[in-house]
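The values are calculated or read from the model by the stated rules, or taken from the named source; none is laboratory data. Bear in mind that the values here come from a model prediction, so they are computed numbers and not experimental data. Please note: Cβ atoms are built from the backbone with ideal geometry, for glycine as well, and neighbour counts cover all protein chains shown. The accessibility values were calculated without ligands, DNA or RNA, using every heavy atom of the protein model including side chains. Shrake-Rupley method; radii C 1.70, N 1.55, O 1.52, S 1.80 Å.
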Amino acid sequence: AGSVFSSDLPVTPGAFQPKLKGTQNVFVLKLNSTGSRVLFATYLGGSGFDTSTSLAVDAGGNAYVAGYTSSTDFPASPGAFQTDAGHNLDGPNASFVTKFDPTGKLVYSTYFHGGDSTGTWVSSIAADASGNAYVTGSHGGGSLPTTPGAFQTSANGGDAAFAAKLDAGGSKLLYSTYLSANSQVSGGEIAVDGQGNAYVAGNIMQNMPHLPSSFPTTPGAFQTSVPDFAIEDDPGFGFITKLNAAGSALVYSTFLSASDITGITSLFIDASGSV
């Protein structure tokens, strides 16, 4: 998956969207196992700017693509969780999650946003064996849709990270929770294990030096507090958080920081559940 400005993408017969709309669309393309043939290729987007940020494939070969869009006519499917762009007024303020079956047929496509113009950006997507999709990213306000019983149903101020789980049909949220602090928090990567626990890694930028973060950590975690940064600029550090399968509680949550700005860009889980 990626972004395309060209009108000559090698789309395949019967593609979901055979032509470019607007200036920049997403594309999704599947090659065979030898790289010699395109099995399916399609445009995906509306009349604005559409950008993909992440792709996942489940055990059944379904492909999940996520990103953000400024299109008010992004192709959302009937019955999807969110079929409109909300107040998507000032640039790419809404995100999307789209699922294709192994042949490139659309399963669902939905917007994901907070309904206002503050902006929602999905940065990473994962899928479990049941076909549920998990996303993380950042949201600029307090209007993100959260679910009853979720770990954190309101933001603590500033940009907040989030973790959300969509059902296999893309029609409802199984859970949606903030992961926020008194700082700017962004979710960068998400992964899921065989038990449905979600792992989120991301970054925190403090609003001022020497201010202890209110980001939630758990007793006994590797790093439950951050160093007193002796720098004038805003310090930054990473976090790794594991949510239970219901999205209702933390299994663990830890900072990952050093004596200066520390950022996490990637996350992977092994068979034993180590990160």
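Things worth noting here:
- Meets criteria (at pLDDT 95 or above and more than 18 Å from the chain's Cα centre (by Cα)) for residue 67: no
- For the stretch 146-167, filtering for residues that are without any contact (Cβ under 8 Å) to a residue 40 or more places away in the chain, assigned to a loop (DSSP other than H, G, I, E, B) and in contact with a Ser or Thr (Cβ under 8 Å, 6 or more places away or on another chain) leaves 6.
- Flag set for residue 220, criterion: part of a loop (DSSP other than H, G, I, E, B), surrounded by fewer than 17 Cβ atoms within 10 Å (Cβ to Cβ) and either modelled with pLDDT of 95 or more or among the aliphatic types (A, V, I, L, M) (or both).
- When each of 162, 100, 112 is tested for being more than 13 Å from the chain's Cα centre (by Cα), open to solvent by less than 10 Å² (accessible area, probe 1.4 Å), within 19 Å of residue 66 (Cβ to Cβ) and of a type outside the set (Asp, Glu), the lone residue that passes is 100.
- Within the stretch 168-204, considering residues that are outside any strand (DSSP E or B), under 24 Å from residue 83 (Cβ atoms) and out of contact with any Ser or Thr (no Cβ under 7 Å at 6 or more places or on another chain), the one most open to solvent (accessible area, probe 1.4 Å): 172
- If the condition is being within 11 Å of the chain's Cα centre (by Cα) and without any contact (Cβ under 8 Å) to a residue 40 or more places away in the chain, then the stretch 115-141 contributes only 139.
- Scanning the stretch 116-132 for residues that are touching a Ser or Thr at 6+ places or on another chain (Cβ under 6 Å) and open to solvent by less than 30 Å² (accessible area, probe 1.4 Å) yields 120, 122, 124, 125.
- Residue in the stretch 226-241 that is open to solvent by 40 Å² or more (accessible area, probe 1.4 Å), at pLDDT 95 or above and not in a strand (DSSP E or B) present: no
- Condition met for residue 95 (surrounded by fewer than 18 Cβ atoms within 10 Å (Cβ to Cβ) and under 23 Å from residue 184 (Cα atoms)): no
- Set side by side, the residues 78, 102, 13 differ, and just one is closer than 24 Å to residue 131 by Cβ and free of Cβ contacts under 8 Å to residues at least 12 places away in the same chain, which is 78.
- Flag for residue 135 being open to solvent by less than 30 Å² (accessible area, probe 1.4 Å), out of contact with any Gly (no Cβ under 6 Å at 6 or more places or on another chain), among the β-branched types (Val, Ile, Thr) and modelled with pLDDT of 90 or more: yes
- When residues of the stretch 70-92 are limited to those that are at pLDDT 95 or above, small (Gly, Ala, Ser) and at negative phi, the one surrounded by the fewest Cβ atoms within 10 Å (Cβ to Cβ): 77
- The set of residues from the stretch 24-58 being open to solvent by less than 70 Å² (accessible area, probe 1.4 Å) and among the polar types (S, T, N, Q) comprises 24, 25, 32, 42, 51, 52, 53, 54.
- Search result, residues across the stretch 56-72 that are in contact with a strand residue (DSSP E or B) (Cβ under 6 Å, 6 or more places away or on another chain) and aliphatic (A, V, I, L, M): 56, 57, 63, 65, 66
- Residue within the stretch 32-52 that is of a type in the set (Lys, Arg) and touching a residue at least 24 places away in the same chain (Cβ under 8 Å) present: no
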